[in-house]
Amino acid sequence: MTIIAALAREPHSNFQFQQVSLAELRPDEILVEIRGVGICHTDIAARDGIYGLPYPIVLGHEGSGVVTTVGAGVTTVAPGDHVVVSFNSCGRCTSCTSGNPAYCRDFAVENYIGTRPDGSRALESEAGPVYSHFFGQSSFATHAVVNQRNVVAVDADLKLAQLGPLGCGLQTGAGAVMRSMRCHAGSSLIILGAGPVGLAAVMAARIQGCSPILVVEPHEARRTMATDMGATHTIDPTADGDLAEGVRRIVPGGVDYVFDTTGRVDVIRSAIAAVGCNAVLGLVGVPSDFSVDLPLNIVSTMQTGLTVKGIVEGDSDPSEFIPELIGHYRAGRFPFDKMITTFPLSAINEAVAAQHRGDVVKAVLVPDADLQDVV
């Protein structure tokens, strides 16, 4: 079988479409026809070489679609099922067997090497090998080969094309607040950055009953959206003066929780200066340089009882947490669809540019009839 995929061929270049051939499914694999796939900052970082992946590679890791074929050993879904595709995990290590697949011992091998864990490939082209299995899916394509461990069946009445971001960015932001940090009712929270992950955290904070909920974001439109989704205060870091002083005017005793989506040391340190006693700092923002360190004053950290927590995928077990988020969505408590703008898959490069400019909050690619014309 042949499919059409958007390939990254070199750093900082446009995606290029090509027909590629699929290998035969293995017993635990599933073929999903992609109906929607979110564009995440991680995809662009991977395209630009930050993860050291081989080229050419198919990226995309916030897919949703319809199951078309299943391997002989698949028991979780059947052809015709609607699914959200999330990250992959081994299912054997202590983290996986204890319900913490986001900290799978083999997370890198399952998600970041461009092949199956055993080194084999699922895609080929006339020009040679094509790498894939990014986050166990590589869903910037018409179809994706996935594992039964990283698909979550969803109800067929939902708008399937919009659900893909639940598999990564949205469960990361919401899970950070609801699971990783476990922000409690009445606690104060400051969220650094109002992209999709930060906005998911805003909605989750409202679900948890946090108050006040502060958001730091330079883009006015995103500050407005943060307010619409539940933020009680927004701060423009380019115009509102010293961040710590501004926060302490709102929360005199200092905030209980800080959630960073920026990966910027200067922003994080400013927020740390605004924490109260026994505060928790949650980190999901990835810096452009993996060698960046976050300096902490040892005595101040001890005196305030600050906890610093690294977070992967919101500490989520997707099979449990994605249905929970969908339940909140149905009840009107998690209106993530308000941040989504759809683009045809053939316009992937335009969508990337629009998201980079801040014209849209969350770009989601959907199938289109023009795809054959760009191959």
* Residue that is farthest from N147 (Cα to Cα) [pool: residues in region 1-37 that are of a type in the set (G, A, S) and crowded, with 17+ Cβ neighbours inside 10 Å] -> A8
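Which residues, taken from region 277-312, are crowded, with 18+ Cβ neighbours inside 10 Å and outside any loop (DSSP other than H, G, I, E, B)? Even if it seems obvious, please write down each step before you answer.
First, pick out the residues of region 277-312 that are crowded, with 18+ Cβ neighbours inside 10 Å: 279-285, 306, 311-312.
Answer for region 277-312, where residues must be crowded, with 18+ Cβ neighbours inside 10 Å and outside any loop (DSSP other than H, G, I, E, B): A279, V280, L281, G282, L283.
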* Asked: Quick one: in region 313-341, which of the residues that are part of a helix (DSSP H, G or I) and among the charged types (D, E, K, R) is surrounded by the most Cβ atoms within 10 Å (Cβ to Cβ)?
  -> E313
* Asked: Any idea how many residues of region 255-272 are among the hydroxyl-bearing types (S, T, Y) and part of a helix (DSSP H, G or I)?
  -> 1
* Asked: In region 237-282, what residues are within 24 Å of the chain's Cα centre (by Cα) and of a type in the set (D, E)?
  -> D260, D266
* Asked: Across region 188-222, what is the number of residues that are touching a residue at least 40 places away in the same chain (Cβ under 8 Å), surrounded by fewer than 22 Cβ atoms within 10 Å (Cβ to Cβ) and either in contact with a helix residue (DSSP H, G or I) (Cβ under 8 Å, 6 or more places away or on another chain) or not assigned by TED's automatic domain parsing to the domain that holds A271 (or both)?
  -> 2
* To do: Scan region 251-272 for residues that are loosely packed, with under 15 Cβ neighbours inside 10 Å and farther than 24 Å from H41 by Cα and jot them down.
  => P252, G253
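Yes or no, residue by residue, for (1) modelled with pLDDT of 95 or more; (2) within 18 Å of C104 (Cα to Cα); (3) not assigned by TED's automatic domain parsing to the domain that holds G36:
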position: V130; (1), (2), (3): yes, no, no
position: H133; (1), (2), (3): yes, yes, no
position: A141; (1), (2), (3): yes, no, no
position: V154; (1), (2), (3): yes, no, no
position: A161; (1), (2), (3): yes, no, no
position: S180; (1), (2), (3): yes, yes, yes
position: C183; (1), (2), (3): yes, no, yes
* **Qualifying position, being of a type outside the set (A, V, I, L, M, F, W, C) and modelled with pLDDT of 95 or more, among S95, S125** => S95
* To do: May I ask you to list the residues in region 46-63 that are more than 18 Å from E110 (Cα to Cα) and in contact (Cβ under 8 Å) with a residue 40 or more places away in the chain?
  => P56
* For region 15-32, state whether one or more residues are of a type in the set (G, A, S), over 22 Å from V374 (Cα atoms) and in contact (Cβ under 8 Å) with a residue 12 or more places away in the chain. => yes
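Tally the residues that are in a loop (DSSP other than H, G, I, E, B) and closer than 20 Å to T142 by Cβ, restricting the search to region 73-82.
Residues meeting the conditions: 4.
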* To do: Residue by residue through region 55-98, note down the ones that are at positive phi and more than 19 Å from the chain's Cα centre (by Cα).
  => G80, G91
* Asked: Just wondering, is there one or more residues in region 356-374 that are within 17 Å of the chain's Cα centre (by Cα) and part of a helix (DSSP H, G or I)?
  -> yes
* Asked: Going through region 22-47 one residue at a time, which ones are part of a helix (DSSP H, G or I) and among the charged types (D, E, K, R)?
  -> D43, R47
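The values are calculated or read from the model by the stated rules, or taken from the named source; none is laboratory data. Just so we're clear, the structure is a prediction, and the values are computed from it rather than from any experiment. Cβ coordinates were reconstructed from backbone atoms using ideal geometry, including for glycine residues, and neighbour counts include every protein chain displayed.
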